[in-house]
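See structure below.
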Ligand SMILES: NC(=O)c1ccc[n+]([C@@H]2O[C@H](COP(=O)([O-])OP(=O)(O)OC[C@H]3O[C@@H](n4cnc5c(N)ncnc54)[C@H](OP(=O)(O)O)[C@@H]3O)[C@@H](O)[C@H]2O)c1
């Protein structure tokens with residue numbers, strides 16, 4: 001596993017974590033695949049993907065419960081990231097949500113607590129006051145945001161008195177490169193980690209022949225053959241190339257977990273990286 005510094009905290013996190021959207025349900029609770037999901041998360045931890053990302057909204061809270069079960073007897077330290085929903089951003093609601101997440105996760109400290117989406121109806125200063133209180137009380141280690149634009153980040157950063165924003169979780173993959181215009185350069189300048197969600201474009205990049213136009217499918221397959229990897233591994237290797245980015249693919253199938261774990265710990269050549277970036281460029 002490769003490791004990256006989280007923001008400027010000095011903490012190392014794996015370049016590849018595990019996403020938990022859909023584990024324990026999507027919009028509502030679904031416990032029909034709990035055993036499979038717990039086994040997948042445990043295998044991922046064993047393979048070094050020791051950062052797990054969930055949210056109070058996922059599976060109406062059940063995702064956090066499943067993550068809690070998966071990490072309960074972990075032999076290594078697991079870095080747990082969860083999120084507070086945009087409708088819970090008032091001071092009291094943030095505190096209440098964090099305590100409820102801690103209880104569902106069955107842990108004492110949330111390593112990374114992220115604002116899931118901005119909410120313009122609640123002053124960010126009020127939300128950040130609650131976030132800093134959670135850090136002061138030891139219930140949260142680091143503060144992050146998700147789906148924040150550059151201007152929303154600037155406002156959020158200016159609202160913090162003692163702590164820093166260490167990460168912004170946003171969509172980023174070969175098929176969605178919108179952050180490259182301004183958000184990614186901003187985060188790199190400020191030393192804020194980008195946590196790339198949907199790094200496989202929800203599975204589209206795993207089946208290039210089925211979902212992608214021919215020249216994109218061709219280059220993914222060409223590089224997969226060259227490096228003895230799969231298209232998914234090439235796509236994840238590309239997304240985690242920058243030291244400022246970590247990715248959190250979601251997988252419940254054992255073979256997917258193993259495959260994803262093999263996407264880091266090696267680098268494609270700079271020439272291949274450039275060629276791949278060019279073929280998937282938005283500006284062609
Ligand atoms: N902050 C936000 O607003 C936000 C939004 C979306 C997602 N997220 C986070 O990001 C995580 C990942 O994003 P995502 O779930 O949207 O998309 P994703 O990780 O790009 O794709 C997940 C899908 O790809 C499949 N898959 C995974 N590895 C594969 C492989 N090696 N080969 C073939 N198929 C593979 C999975 O199947 P199986 O599960 O069947 O293995 C699943 O259907 C989420 O779980 C969540 O934690 C955050």
*Which of the residues that make up region 35-52 are in contact with a helix residue (DSSP H, G or I) (Cβ under 9 Å, 6 or more places away or on another chain) and within 14 Å of the ligand (Cβ to nearest atom)?*
36, 37, 38, 39, 40, 41, 43, 44, 47, 49, 52
*Look at residue 199 and say whether it is free of Cβ contacts under 8 Å to residues at least 24 places away in the same chain, within 14 Å of the ligand (Cβ to nearest atom) and closer than 16 Å to residue 277 by Cα.*
no
*Just name the residue that is nearest to the ligand (Cβ to nearest atom) out of those in region 216-245 that are out of contact with any helix residue (DSSP H, G or I) (no Cβ under 9 Å at 6 or more places or on another chain) and under 25 Å from residue 37 (Cβ atoms).*
239
*Residue by residue through region 116-157, note down the ones that are exposed (fewer than 15 other Cβ atoms within 10 Å of the Cβ) and under 18 Å from residue 192 (Cα atoms).*
151, 154
*Identify the residue in region 14-32 that is surrounded by fewer than 22 Cβ atoms within 10 Å (Cβ to Cβ) and near the ligand (Cβ under 9 Å from one of its atoms) and, among all such residues, is nearest to residue 170 (Cα to Cα).*
21
*Only one of these is out of contact with any strand residue (DSSP E or B) (no Cβ under 8 Å at 6 or more places or on another chain) and over 16 Å from residue 175 (Cα atoms): 228, 203. Name it.*
228
_So, residue 239, is that one buried (at least 23 other Cβ atoms within 10 Å of the Cβ), within 18 Å of residue 6 (Cα to Cα) and under 15 Å from the mean Cα position of the chain (by Cα) or not?_
yes
*asked:* Which of the numbered conditions does residue 156 fail, given that it passes all the others? Conditions: (1) touching a residue at least 12 places away in the same chain (Cβ under 8 Å); (2) away from the ligand (no atom under 16 Å from the Cβ); (3) over 17 Å from the mean Cα position of the chain (by Cα).
replied: (2)
*How many residues, within region 3-45, are touching a strand residue (DSSP E or B) at 6+ places or on another chain (Cβ under 8 Å) and farther than 14 Å from residue 251 by Cβ?*
13
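Here, each number is a calculation from the coordinates, and none is a lab measurement. Computed from a predicted model, the values in this text were never measured in an experiment. In this analysis, Cβ positions are derived from the backbone assuming ideal geometry, glycine residues included, and neighbour counts consider all displayed protein chains.
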